[in-house]
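To keep things clear, I will list the structure first and then write my remarks on it.
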Amino acid sequence: MTNDWNISALDMPRFIELAAPFRWQTALGSLPRVQALCESDVALAPGVVCEWSLLGQSRGNGPSAQNWLHLQAALSLTQRCQRCLEPMAVPLAVDRWFRFVADEATALAEDDACEEDLLAMSSEFDALNLLEDELLLALPLIISHGSCQPPPSNALGDDLPHPFAALAGLKLPKT
């Protein structure tokens, strides 16, 4: 099948009706919130792409049928290790299912009672925004090589005077 879908305004009912997986390659530049977290020289590189796919699926028959969306994505970002401050590759992977409900009000009402993630059905669904949200959620909280050493203390500016050293001069002499 040809992949001529507008991923920023995806006709989700029609997409689910087809029940076929579609794949995309999206440049990092099309994901500005993710791009902002990368090292500046890598963020502007044209070869960094996110490989991702969507599969729409209807489960059940008749009025009790539920519509689902499966998102899979893979991307490798370059970020700074928080320990040694050297650049490192951070692989991101997303593999999530979402259940569609009629509207935002229904999603809010059902959200606490169900374990799956809910989305409001739309004929102009922004799949690119969903992809970017999920990539941001997939980022590790702490980016670290795990076995690296912090840089030497003078590289961090530890040779600067302590910011509270001047307060020592304000102490009253003991009498």
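What's the longest bit of the chain with no exposed trypsin sites (Lys or Arg not before Pro), using DSSP loop states and at most 10 other Cβ atoms within 10 Å as the test? Longest run free of exposed loop sites: 1-170. Here the Karplus relation 6.51 cos²θ - 1.76 cosθ + 1.60, evaluated at θ = phi - 60°, turns the backbone of the stretch 103-109 into coupling constants of 7, 4, 4, 5, 4, 5, 5 Hz, with x for every Gly and Pro.
Distance between the 7 Å Cα→Cβ label points at residue 53 and residue 4: 2.3 nm. Taking Lys and Arg as +1 and Asp and Glu as -1, the other residues whose beta-carbon sits under 13 Å from that of residue 6 total -3.
Here, the chain is characterised by an Rg to Rh ratio of 1.21, where Rg is the alpha-carbon radius of gyration and Rh the Kirkwood radius.
Cβ under 15 Å from residue 102's Cβ, residue 102 left aside: what net charge do those residues give with Lys, Arg +1 and Asp, Glu -1? Let's see the in-between values first.
On the way: positive: 99; negative: 103, 104, 110, 111.
Computed value for this residue: -3.
Summary value for the stretch 1-138: 27 percent relative contact order, contacts being C-alpha pairs under 8 angstrom separated by 6+ residues. Quantify, in whole percent, the carbon and sulfur part of the accessible surface of the chain (1.4 Å probe; protein heavy atoms only). Taking all protein chains in place, the chain shows 54 percent carbon and sulfur surface.
About its Cα centre, how strong a charge dipole does the stretch 27-104 have in debye, to the nearest 20, once Lys and Arg get +1 and Asp and Glu get -1 at the Cβ? Spell out each step's value before the answer.
Details: 6 positive and 7 negative charges, 42 e Å.
Roughly 200 debye for the stretch 27-104.
Helix 127-138 axis versus longest C-alpha principal axis of the chain: approximately 40°, rounded to the nearest ten. Not counting the cut sites, what is the longest span of the chain without GluC sites (Glu not before Pro) that DSSP labels loop and that have at most 13 other Cβ atoms within 10 Å? That gives 1-114 as the longest site-free run. Near the amide H of residue 27, within less than 5 Å, lie the amide hydrogens of 50, all on another chain or at least 5 residues away, with H placed in the peptide plane.
Find out how many positive minus negative residues lie around residue 123, taking Lys and Arg as positive, Asp and Glu as negative, among other residues whose Cβ is under 14 Å from that of residue 123.
On the way: positive: 14; negative: 11, 17, 103, 124, 126.
That sum, taken over residues with Cβ under 14 Å, equals -4.
For the stretch 48-64, 3J(HN,Hα) computed residue by residue from phi via the Karplus equation (6.51, -1.76, 1.60; θ = phi - 60°) reads 7, 10, 9, 8, 8, 9, 10, 9, x, 8, 10, 10, x, 10, x, x, 8 Hz, glycine and proline entered as x.
Backbone phi angles across the stretch 81-95, fed through the Karplus curve with coefficients 6.51, -1.76 and 1.60 (θ = phi - 60°), yield HN-Hα couplings of 5, 6, 9, 9, 6, 8, x, 8, 7, 10, x, 10, 9, 10, 8 Hz in residue order; Gly and Pro are listed as x.
The values are calculated or read from the model by the stated rules, or taken from the named source; none is laboratory data. All values derive from a computational prediction rather than experimental measurement. No Cβ is skipped: glycine too gets one built from the backbone with ideal geometry, and neighbour counts run over all protein chains shown. Each accessible area value is taken on the protein alone, full model and side chains, heavy atoms only, with ligands, DNA and RNA left out. Shrake-Rupley method; radii C 1.70, N 1.55, O 1.52, S 1.80 Å.
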